[in-house]
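Since every read-out is calculated from the coordinates, none of them should be taken as a lab result. Quick caveat, the model's predicted, so the values are computed rather than measured. Because the Cβ atoms are built from the backbone with ideal geometry, glycine has one as well, and the counts that use them run over all protein chains shown.
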């Protein structure tokens, strides 16, 4: 767990060596770390060559402040921008870049910050907003206003939780009893009483529902495909986009988007003509997703579900 010492940056970013190899950062150039977090990937890029530059994007001001401290030794070669990764086109503007990295997982800092409400390991307000300045509703507000059917759909679609209807029913019953669910502990305890797992199921009863609420609060899935499309536009010919996902929903979106950008039509088979806009603008560099080595998984258990996919932008002619 991250302690109050904000200068401790010993945590190693997931699949760092694999990302650097795909981006070919040793050759120098300008890169975008679209999900800056604590700056681990940016640090790897900047350290790989004296001629690399990085623009780091994050919607969490606290993360930016800590990353700036970590990367201060690189001087003007690093620039931070407070924005959502979906705004990459406006951040980069008219300048093309050599490579882009996006790590779509929640940062360790956010998970380990007891006040943010991302984790059921701590008792905290049920918040889950990645950008607390944006004025969006919290997870507590979401479950307080959402009807049972829609709540079940959120938990099933974003958490792939098979007991979503039962969970939604219990949440609504709790709400009707005059006891609003406002903290992570309240929700986790309700889920522990509601969700039954088999003996071999190692996933905590709250895991999938907490994931679903986090995705819904931050609108995470809606913006991924647009981000991927815009990223290819701002890459130079030959530039590489590398994306790390941590659950099957994200990975499926990235996989299908890369296939479409590689020219594969993903329309239903009986549609008379292609409407998905498939066109070959990239070369897929990872036919199968790259996963962490056994050693990395042992050293960092949070890396176990990580999958890395990458594409290279092709020339237009």
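Only DSSP H runs of four or more residues enter the estimate; each adds -39500 (n - 2.57), and after division by the residues of the chain the mean residue ellipticity at 222 nm equals -11500 deg cm²/dmol. Computed from label points 7 Å out along Cα-Cβ, the spacing between residue 73 and residue 148 is 5.9 nm.
The ellipsoid that matches the Cα gyration tensor of the stretch 123-218 has semi-axes, each √(5λ) in whole angstrom, of 20, 15, 13, with the longest given first.
Judged by the mean number of other Cβ atoms found within 10 Å, the most tightly packed of the peptides 62-74, 84-96 leads the ranking 62-74, 84-96.
Computed extension length for residue 293-residue 51: 84.2 nm, one decimal, from 0.36 nm per residue of separation with the Cα-Cα distance subtracted. Among 235, 142, the order by Cβ neighbours within 10 angstrom, fewest to most, reads 142, 235. Of all DSSP bridge pairs formed entirely within the chain, close to 40 percent run antiparallel. Fraction of C-alpha pairs exceeding 27 angstrom in the chain: 46 percent, rounded to a whole number. Label sites at residue 252 and residue 193, each approximated as a point 7 angstrom past Cα along Cα to Cβ, lie 3.2 nm apart.
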